[in-house]
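To keep things clear, I will list the structure first and then write my remarks on it.
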4 protein chains.
Amino acid sequence: MLVVMKKGSTKEDLTGVLHKITQSGLNGHVSQGVERTVIGVVGQTYPELRDILEFLPGVEEVIPISKPYKLSSREVQHENTRIKVGDVVIGGDELVVIAGPCAVETENQVLATAKMVKEAGASILRGGAFKPSTSPYQFRGLGKEGLEILALARAETGLPLITEVLTPHDVELVARYADILQIGARNMQNFTLLDEVGKTKKPVMLKRGMSATIQEWLLSAEYILSQGNRQVMLCERGIRTFETYTRNTLDISAIPVVKKLSHLPVIADPSHGTGKWYLVTPLALAAVAAGADGLMIEVHPNPDQALKDGAQSLTFDSFQQLMTQLAPVVSSVQRKLPAKPGDEVDK
Amino acid sequence: MLVVMKKGSTKEDLTGVLHKITQSGLNGHVSQGVERTVIGVVGQTYPELRDILEFLPGVEEVIPISKPYKLSSREVQHENTRIKVGDVVIGGDELVVIAGPCAVETENQVLATAKMVKEAGASILRGGAFKPSTSPYQFRGLGKEGLEILALARAETGLPLITEVLTPHDVELVARYADILQIGARNMQNFTLLDEVGKTKKPVMLKRGMSATIQEWLLSAEYILSQGNRQVMLCERGIRTFETYTRNTLDISAIPVVKKLSHLPVIADPSHGTGKWYLVTPLALAAVAAGADGLMIEVHPNPDQALKDGAQSLTFDSFQQLMTQLAPVVSSVQRKLPAKPGDEVDK
Amino acid sequence: MLVVMKKGSTKEDLTGVLHKITQSGLNGHVSQGVERTVIGVVGQTYPELRDILEFLPGVEEVIPISKPYKLSSREVQHENTRIKVGDVVIGGDELVVIAGPCAVETENQVLATAKMVKEAGASILRGGAFKPSTSPYQFRGLGKEGLEILALARAETGLPLITEVLTPHDVELVARYADILQIGARNMQNFTLLDEVGKTKKPVMLKRGMSATIQEWLLSAEYILSQGNRQVMLCERGIRTFETYTRNTLDISAIPVVKKLSHLPVIADPSHGTGKWYLVTPLALAAVAAGADGLMIEVHPNPDQALKDGAQSLTFDSFQQLMTQLAPVVSSVQRKLPAKPGDEVDK
Amino acid sequence: MLVVMKKGSTKEDLTGVLHKITQSGLNGHVSQGVERTVIGVVGQTYPELRDILEFLPGVEEVIPISKPYKLSSREVQHENTRIKVGDVVIGGDELVVIAGPCAVETENQVLATAKMVKEAGASILRGGAFKPSTSPYQFRGLGKEGLEILALARAETGLPLITEVLTPHDVELVARYADILQIGARNMQNFTLLDEVGKTKKPVMLKRGMSATIQEWLLSAEYILSQGNRQVMLCERGIRTFETYTRNTLDISAIPVVKKLSHLPVIADPSHGTGKWYLVTPLALAAVAAGADGLMIEVHPNPDQALKDGAQSLTFDSFQQLMTQLAPVVSSVQRKLPAKPGDEVDK
């Protein structure tokens, strides 16, 4: 962080700023230029410090030059974080496909979907037991019963589970069932929840908030990491813009940006990112071409019967087609898809 | 909600849509036009239903015509909701000014501020004991100790208290101290928290999320209302836009819009809305001119020593000036300020 | 502008940056700090220079500290610019109300509106002869015939005229009729048009682009000013955000921001800013409370018969009510309305 | 367009609405439902009609159901538009790469770049002779001299030229040199300019405005098409959002959306879309995976010496690498790259 002093600022102003910097547990180094005095702030700063210093008398401007996140930064850890869940590695050479229904509805629905997506090449099963809903009059998930249905599907297929946890109180319960805890976009800055999942030993997938900058997203990851849980993956799921044709605007450029700034794996969710099933495949291919480590895809045996988000869910057929179209794109960016059940038999 | 069928849609398509409507507990009324068939959906709908129906075969478009919120709607309750907190009425003829420090830091800081803002004409004391922070390395509030300091200030000044609650687990604790529970912008869609404060008997102030539409904001209010707590006030605190000169863009037009759509009182927060102290006064005046029922203003004895958000806090002097400038604007829109301590003596 | 060098940057890197700065006609002053080297760039910089320097080897970050606009800056001219149009002064103590129909349709429509708005206290007549339309299949204005109708209304009422010019080729024609040339939001960065109106001697009102930052807006004003035309006023008319309930989001905070950064007068346009007639009055009051120098209001004798933007136009009755409600708000912020026709008789 | 009447609306209200519809040259068909009356509007509507009708007494809401653009719509023309420029076909099976410097600076710069990009597989040469600049103090292009340099490069390499035209007055001049006329993002709603290029016989590339919806973009294309020029291609170049890490947010989802709604070819510009050279390649691959018909890439022999947009320009080496990485991605989506100069020799 650099503090640029005003042209006419006084010695007292300078002392005041240096005092405030020391008071915040940091050090200030003064560079006297021809026109202006600039103070370099050394130590671990944070975004709000900017406002605090900028407000002081004699200060022209405060400029953040070091990044406010640390543990999630590639400067701190150069190598990619790889997260192992059962046999699946997220953040490695293989592209990971997470698939399943938006919400858990019935045992049949989940089992049928789980078998199908496994068959088609998915590595992890998704499904919501606790669902956030914009309106209180909507379906909010089956809760614990939903978790049990998911566990059954894991037992039958061997697919690890990812499911969302909505509130700190449920972390222990959800962690008993899930292999990966999902933090939804609306909870990206639910800091108590972040602390709580940070205290577990479970991998966490942190979705980007609807209007979160990339820096805020990494700072939320920092909450989890700083509690000692280093198994964090990020999920780009679209940001809110003025364009309403799509439900959100999937920020594909965030994928290579995050890969540059951070060592954490990045998953793309074209289902929520677009809100329309016919856009899921082109955006899934685009995300992979841009460097995503994985995809999160909503699949439903009968999307038109779905209790939630049917419009963005793929049918079994469309999902199989997606996986078929995916294969050459994955190869084209020097990655691979995991071996499919059928392939393994051949070995 | 209207379902517009495609020109070439079949009888089976129509039957399918009607079936889905019935399955969702609603009724469908068919209007056969010259060019197209339109189905009116009768009953309490919700935003996601649009996606569900739009996805069905033969459907051209689904159009929401009734509002998805009910209890917060002015159609359901025509008269303004008035919330009584001690002697203060929010949503009545008098403009309510809520003032105090962003975060509770010390007893001295809070007591001095409380006395001053009361003197200057504020009706309610604000102060954060549990603070949401973008970075885990920042000050996160004094917690329970902060609540006790606030209670002390109430005892000394008689001002009712508003303070933020961050997580469902803390609702009971915070409700023991606070007169009004504040839900912050980042928690506007923390539905478990909304349920929890909805179960208390305490008035709740619900801040608008950074990227929440007015409809989503009212739906979040609906969560609280539908739990039986009808003492809800809304707070416009700025939305996130492309403009970065201000911290947020205070959406002044949301004030008359919400007053038209809903019977709930609306407070404006120009401190967070702008992030710069010198914009607080002009935006406070603007909010009142546009019809706000109250203001929420950050005040600090030494903003340059503040642990949080000093840049947007008014000094005691600036706050007094704001109150002086406020008076004629309040009169100009046929409202009044409450009698000040000094005035009461005169009666 | 400050150039912050990377920690491990070399002497060659530094030389390269200094060379580039000199090549751009500017000077670089090196400050060697404990941890990093910082170069101050002295001279008139511009936004893109940041990208150019940031790209050079060894550069960590480039930070703009001086503003890229000059003639529009309050640092260069401390006193408010006052623009005199006939008897009307824009940017002085009196609030200026500009009113009239969105588009010129008929002589009757314009004459009736002009007389009424004058009667009610407006100082300037607005009306579009050349209209920008999103679709090619819509009404695009009466052109020269419209200008003649406007001139007739000026002759009858004495009100000065403001009307939009869409293209450099029409500047000469429009300037022959208009007292103030209006540049619409869609043309804020039509630089050839800005140059052209900059070459006239006519006052210019520059509307903010739908997605223009305040800095970009001032830079567009700079185009006009740098051609020698110093009679520029700015008009805030709403920015595009994710909220779709209002047509645009009127950025009221931009008013005090621009008053601080620049000496140019600021007008607010709540008609385009909200797109809904019932929001025009509250937002007009808010803009005045926030410090606007004037208002631009659409008025139509029969809004439901209007060829363009009827939904945001006030009827004669609503406009009179607005003017009545405006008076006390104007006084409350220590400004005044010009004497009305009737008032003058009394003197 | 559907007009939904209020529950309590009268016969007079209905007559008024029908009258307005007829007056606008359209027909209204009334459907009397159980709860509400709905009027279907038949004929070519336009966005503002919604506001006009919504304003009428008795109207609850107006819902656009038919699209306001016609000639650009896939409903009107099912087959893809293919634009032939010399030997190059845009919108066909082959992916078209347009490459070259942001601004024309010198003959050497353009010639060297043109030869290199041709060698590497580009089909069309780009280069700006008239440059839009946010600030009046910046480089604004070489003008006619720049066009001559471009023509020289075409003569030497055989590559067709695309270059921007900024103002209606220059259309004739630029069309004498260019093979494709480019309309920049800031001019997407410069309707006089759109009319003018619509009157030429030259192919036009229309960039999306920074805050333009997909519908507005197609309506701007409609301006050109309705003048009789059917050789229009669209270019997605990023939209303005709250995220500032990237210069714009490249809206990759707009590519498949436009391909669905329209028959016009779509080009992606990852250089302007991201503003950072190291993001150009991943976003270029993503755009192709999502279905883009072509790419527009800025290349400069010495980006650090560029007069404009060096930070987003690729070096010769990086461009060659991009083309190498592109090949397998292009194949993976069943398209091909044109044969390169070297390849032709082999035939």
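The values are calculated or read from the model by the stated rules, or taken from the named source; none is laboratory data. Note that the coordinates shown come from a computational prediction; the quantities given were computed from them, not determined experimentally. So basically every Cβ, Gly included, is an ideal-geometry build from the backbone, and we count neighbours across all protein chains shown. In case anyone asks, the SASA skips ligands and DNA or RNA and just uses the protein heavy atoms, side chains included. Shrake-Rupley method; radii C 1.70, N 1.55, O 1.52, S 1.80 Å.
Listing for the model above:
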{"read-out": "The protein assembly as shown - accessible surface per residue (Å², probe 1.4 Å)", "value": "34"}
{"read-out": "Considering only region D:1-154, percent of DSSP beta bridges that pair antiparallel, nearest 5", "value": "85"}
{"read-out": "Farthest toward positive dipole pole in region A:83-332 [+1 Lys/Arg, -1 Asp/Glu at C-beta], among A:Thr315, A:Thr213, A:Gln325", "value": "A:Thr213"}
{"read-out": "Set of lysines with alpha-carbon distance to B:Lys115 below 16 Å, sequence-local pairs under 8 removed", "value": "B:Lys340"}
{"read-out": "Per-copy distances of the D:Lys201 label point, shortest first, in nm (7 angstrom along Cα→Cβ)", "value": "4.7, 7.7, 8.6"}
{"read-out": "Cβ-vector label at 7 Å, A:Glu12, separations to other copies in nm", "value": "5.0, 7.2, 8.6"}
{"read-out": "Teacher prompt: A:Thr244 distances to equivalent labels in other copies, 7 Å Cα→Cβ, nm", "value": "0.3, 2.8, 2.8"}
{"read-out": "At least 20 Å² of accessible area lost relative to the chain alone, listed for region B:174-193 with a 1.4 Å probe", "value": "B:Arg186, B:Gln189, B:Asn190, B:Phe191, B:Thr192"}
{"read-out": "Residue among B:Cys102, B:Leu142, B:Asn80 farthest towards the positive dipole end of region B:63-170, charges placed on Cβ", "value": "B:Asn80"}
{"read-out": "Volume per residue of the C-alpha convex hull in region B:83-332, rounded to whole Å³", "value": "115"}
{"read-out": "Residue of chain A whose Cβ sits closest to the axis mapping A onto B, with distance in whole Å", "value": "A:Ser211, 2"}
{"read-out": "Percent of Cα-Cα distances greater than 29 Å, calculated over region D:189-347", "value": "24"}
{"read-out": "Accessible-area composition of the protein assembly as shown, carbon plus sulfur, in percent [1.4 Å probe]", "value": "48"}
{"read-out": "Amide H within-cut-off set for C:Leu234, under 5 Å, with H built and near neighbours excluded", "value": "C:Leu206, C:Val266, C:Ile267"}
{"read-out": "Centre separation in Å (Cα based) which lies between region B:4-34 and region A:96-153", "value": "29"}
{"read-out": "Between region C:305-331 and region A:233-311, the alpha-carbon center distance in angstrom", "value": "46"}
{"read-out": "Share antiparallel - DSSP beta bridges, region A:83-332, percent rounded to 5", "value": "15"}
{"read-out": "Shielded residues, region A:121-147 - accessible-area loss of 10 Å² or more between chain alone and all protein chains, probe 1.4 Å", "value": "A:Pro132, A:Ser133, A:Thr134, A:Ser135, A:Pro136, A:Tyr137, A:Gln138, A:Arg140"}
{"read-out": "Semi-axes of the equivalent ellipsoid for region D:2-63, Cα gyration tensor, largest first, Å", "value": "17, 11, 11"}
{"read-out": "All-pairs alpha carbon distance profile, region B:5-141, 10 Å steps from 0, percent", "value": "10, 23, 16, 14, 15, 15, 6, 1"}
{"read-out": "Shielded residues, region C:1-24 - accessible-area loss of 40 Å² or more between chain alone and all protein chains, probe 1.4 Å", "value": "C:Leu2, C:Lys20"}
{"read-out": "Charged-residue dipole, Cβ positions (Lys, Arg, Asp, Glu), region B:83-332 about Cα centre, Debye nearest 20", "value": "360"}
{"read-out": "Quarter of Cα convex hull surface for region C:84-178, i.e. mean projection, nm²", "value": "6.6"}
{"read-out": "Degrees, to the nearest 10: B:144-157 long Cα axis against longest axis of chain B", "value": "70"}
{"read-out": "About the Cα centre, charge dipole magnitude for the protein assembly as shown (Lys/Arg +1, Asp/Glu -1 at Cβ), debye", "value": "0"}
{"read-out": "Isotropic mean projected area of the C-alpha convex hull, the protein assembly as shown (nm²)", "value": "50.2"}
{"read-out": "Sum of -39500 (n - 2.57) over DSSP H runs of 4+, divided by residues of chain C (222 nm, nearest 500)", "value": "-11000 deg cm²/dmol"}
{"read-out": "B versus C: buried accessible surface, summed, Å² (probe 1.4 Å, to nearest 100)", "value": "2700"}
{"read-out": "When each of B:Lys336/C:Lys260; C:Lys84/C:Lys199; A:Lys202/A:Lys336; D:Lys144/D:Lys202; C:Lys67/C:Lys259 is checked by Cα-Cα distance, pairs over 22 Å", "value": "B:Lys336/C:Lys260; A:Lys202/A:Lys336"}
